[in-house]
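Colleague: Pasting a structure here, questions to come.
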Amino acid sequence: MARNKALFSRYRELDEVGVNLTPLIDVVFVVLIMFIVVAPILELDRVLLATGNKGPTTHPLTLQEKSSLTIHVHNDDTIWFNERLVDIPQLTLCLKEARALNPGGRLQLMHDKRAMFGTYQSVKNVAEAVGFEEMDVILKPT
């Protein structure tokens, strides 16, 4: 009997040595549930892209070469508004004047692919702050 008690106590000690994963699993489930609940609430800024045509277009789009509101961003991140070098504060003033003179005008942004995305974002933010609702982004075909 004493021998059975010793074996029983030894097995009991081995059972208690294991790691209890229940709290870890509980925490993982709580975090997962939080992601499931919070994900639909998040607002994401989405850009809808047009689907490309697989065949030749029947009516090609034309570019207005002499638009009254053109912004060029060159590969060195310089910003040119109507063939005049400007920085962001000057661009704000120029766009305010252009908006006052031509309220229905549409901006055309010609952005070099080697220029930084931050420059595009700054130009877009200025255009939105001034009140332009649409802007054509024109990429040179390669």
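What follows draws every value from the coordinates through simple rules; no lab data is involved. Source: prediction; values computed, not measured. For neighbour counting, all protein chains shown are included, and Cβ atoms are generated from backbone atoms with ideal geometry for every residue, glycine included.
Colleague: Report, by residue number, each residue of the range 101-128 that is among the charged types (D, E, K, R) and surrounded by 12 or more Cβ atoms within 10 Å (Cβ to Cβ).
Modeller: The answer is 106, 112, 124.
Colleague: Please determine, by comparing only the residues of the range 119-140 that are assigned to a helix (DSSP H, G or I) and touching a residue at least 24 places away in the same chain (Cβ under 8 Å), which one is farthest from the chain's Cα centre (by Cα). Quick ask: steps written out before the conclusion?
Modeller: Just the residues of the range 119-140 that are assigned to a helix (DSSP H, G or I), to begin with: 119-130.
Remaining after also requiring touching a residue at least 24 places away in the same chain (Cβ under 8 Å): 119-120, 122-123, 126-127, 129-130.
On the way: 119: 14, 120: 12, 122: 13, 123: 15, 126: 17, 127: 17, 129: 18, 130: 21 Å.
Taking the candidates together, the pick is 130.
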